[in-house]
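Visitor: Quick one: this structure, given as structure tokens, is what I'll be asking you about.
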Amino acid sequence: MSQDPPTTSGSRIRQVEAISNGSVIDHIPTAVTLKVAAMLAGSGDQLFIGANLRSSRMGRKGVVKIAGREISAHAASCLALLAPGATVSIIHDYQVLRKLPVEVPAEFTDVARCANPNCVTNHERWSSRLAVVGREPLRVRCCYCERSFLGTDLALM
Amino acid sequence: MDFTGRDIISIADFQRSEILHILARAAEVEATGRGKLLAGTVMATLFFEPSTRTRLSFEAAMLHQDGRVIGFSDVASTSTRKGESLADTIRMVEQYADVIVIRHPRDGAARLAAEVSRVPVINGGDGANQHPTQTFLDLYTIAKLQPALATGERALDIAFAGDLRYGRTVHSLVHALCHFRVNLLLVAPRGLELPEQYLEEARQAGVAVRTVASLQEAAAQSDILYMTRLQEERFPDPLEFDHVKASYRMTAAMLAGARPSMRILHPLPRVNEIATDVDATPHAQYFAQAGNGIPVRQALLALVLGRQP
């Protein structure tokens with residue numbers, strides 16, 4: 001059985017490679033870590049991914065680091081849908097320059113496709129609009145077909 | 001209460017006071033009879049999938065009030081087959097009509113149409129999602145047969161029987177009834193029970209819900225028995241369907257223990273679930289229910305077109 005590296009404060013060992021500049025997305029639920037990474041990988045940036053890491057707050061968590069760039073506004077919206085409890089830190093010269101809140105909007109527009117295959121938005125050239133109807137876990141309701149889904153069940157656009 | 005220019009897309013868009021206003025207008029229209037309430041207006045019926053009863057009801061509603069009708073009921077004859085988007089079809093039709101009624105196989109199509117259109121859009125059924133004018137006519141029928149629905153003087157016992165899992169009319173009516181003082185009784189074959197989200201909605205609205213074992217029990221314990229059709233395609237095993245179909249059939253003899261004022265409704269078409277010997281009993285109200293579609297749709301058309309009944 002593999003052993004987790006010690007993470008006690010004071011003798012902290014990084015579980016994921018440090019980056020000199022860029023964005024660190026922490027406290028990602030383990031189940032969606034790779035989905036978040038796949039979403040961010042589309043940009044072509046260099047990514048460092050940690051999955052199933054120990055977390056005192058969450059038990060297990062994921063971390064994704066983007067080297068050399070701040071997270072885009074679209075990626076932040078996607079993050080709010082997949083991992084609304086995540087935290088984002090902007091890193092400059094190995095230091096945390098600032099922390100960004102992951103803000104869950106009242107409605108996600110053109111962030112994810114409705115999961116109902118018969119929804120009109122999957123057949124016409126039209127915007128996807130998903131209204132937030134629950135926060136923990138994040139649930140959204142399609143403004144067109146009126147079906148509800150977990151945010152983590154949706155395919156990003 | 002002004003509904004001029006408003007779209008009728010989903011029963012969820014309506015508050016209790018608005019529902020009562022629409023039902024009161026429908027009663028006024030019905031009392032007045034045929035007239036010129038909709039004279040000089042043109043309704044476009046865009047039926048992207050066939051629905052004889054809904055289309056005829058909307059068209060009759062217009063014609064009985066001196067309104068005019070254009071439209072199609074066969075998508076093969078439209079530009080949709082040439083690849084035209086729904087939004088473009090709506091932008092074209094709104095040039096010709098004062099109100100659009102749309103029926104479409106895709107869930108959410110009516111909402112999309114309403115976002116595009118400058119004239120009011122009425123949803124005549126969008127896929128498995130909503131059919132709000134059916135719900136308004138169901139409520140109108142219940143209120144007419146059991147006035148306690150609108151007055152709230154006592155809790156009505158309303159039973160639903162049949163395919164409660166997939167039945168669009170059942171879901172919308174349950175949602176709407178949560179605005180009123182009712183108790184719900186449910187009888188459904190195994191696997192076709194009412195989905196949890198509607199049970200939860202009823203619980204949150206303070207509506208008591210209980211399951212009953214048979215159609216007889218439902219008939220004996222209810223003021224309204226709302227029956228729906230069982231569809232063979234919902235059953236993975238054809239033998240199971242045959243078995244359920246045989247046990248799920250209301251006959252006149254089964255109504256012996258029913259409350260005298262109990263009334264049976266059905267959105268139609270019925271197949272085997274109500275024997276024809278029920279039709280002659282005072283309990284049968286499903287054909288009158290279909291007829292109520294006329295004043296209800298006339299009232300809705302008049303309201304969104306700014307015509308005062």
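Only the coordinates and a few stated rules stand behind these numbers; no lab work does. Note that this is a predicted model, so its numbers are computed, not measured. So basically every Cβ, Gly included, is an ideal-geometry build from the backbone, and we count neighbours across all protein chains shown.
Visitor: Give the stretch A:93-107 a look and list any residue that's outside any loop (DSSP other than H, G, I, E, B) and in contact with a Lys or Arg (Cβ under 9 Å, 6 or more places away or on another chain), or say none.
Guide: A:Glu107
Visitor: Out of the stretch A:121-140, which residues are more than 10 Å from chain B (Cβ to nearest Cβ) and in a strand (DSSP E or B)?
Guide: Those that are more than 10 Å from chain B (Cβ to nearest Cβ) and in a strand (DSSP E or B): A:Leu130, A:Ala131, A:Val132, A:Val133, A:Gly134, A:Arg139, A:Val140.
Conditions (1) assigned to a helix (DSSP H, G or I); (2) out of contact with any Gly (no Cβ under 6 Å at 6 or more places or on another chain); (3) of a type in the set (Asp, Glu); (4) surrounded by 19 or more Cβ atoms within 10 Å (Cβ to Cβ), marked per residue:
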| position | (1), (2), (3), (4) |
| --- | --- |
| B:Leu56 | yes, yes, no, no |
| B:Ala60 | yes, yes, no, no |
| B:Asp66 | no, yes, yes, no |
| B:Gly71 | no, yes, no, yes |
| B:Asp88 | yes, yes, yes, no |
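Visitor: Do you know which residues across the stretch B:8-50 are within 14 Å of another protein chain (Cβ to nearest Cβ), within 25 Å of B:Leu149 (Cβ to Cβ) and of a type in the set (Asp, Glu)?
Guide: B:Asp13 - this is the single residue of the stretch B:8-50 that is within 14 Å of another protein chain (Cβ to nearest Cβ), within 25 Å of B:Leu149 (Cβ to Cβ) and of a type in the set (Asp, Glu).
Visitor: Any idea which of (1) crowded, with 20+ Cβ neighbours inside 10 Å; (2) farther than 17 Å from A:Val24 by Cα; (3) in contact with a helix residue (DSSP H, G or I) (Cβ under 6 Å, 6 or more places away or on another chain) is the one A:Thr152 doesn't satisfy?
Guide: Going through (1) crowded, with 20+ Cβ neighbours inside 10 Å; (2) farther than 17 Å from A:Val24 by Cα; (3) in contact with a helix residue (DSSP H, G or I) (Cβ under 6 Å, 6 or more places away or on another chain) one by one, A:Thr152 breaks only (1).
Visitor: Can you pull out the residues in the stretch B:178-225 that are among the charged types (D, E, K, R) and under 21 Å from A:Ser148 (Cβ atoms)?
Guide: B:Glu193, B:Glu196, B:Glu200, B:Glu201, B:Arg203
Visitor: For the stretch B:98-193, list the strands (runs of 3 or more DSSP E) that sit wholly inside it and hold at least 1 residues that are surrounded by fewer than 24 Cβ atoms within 10 Å (Cβ to Cβ), away from every other protein chain (no Cβ under 14 Å) and not β-branched (Val, Ile, Thr); which are they?
Guide: Hits in the stretch B:98-193: B:156-161, B:182-187.
Visitor: Output the residue which, of all residues in the stretch A:100-120 that are more than 7 Å from chain B (Cβ to nearest Cβ) and β-branched (Val, Ile, Thr), is nearest to A:Val88 (Cα to Cα).
Guide: A:Val102
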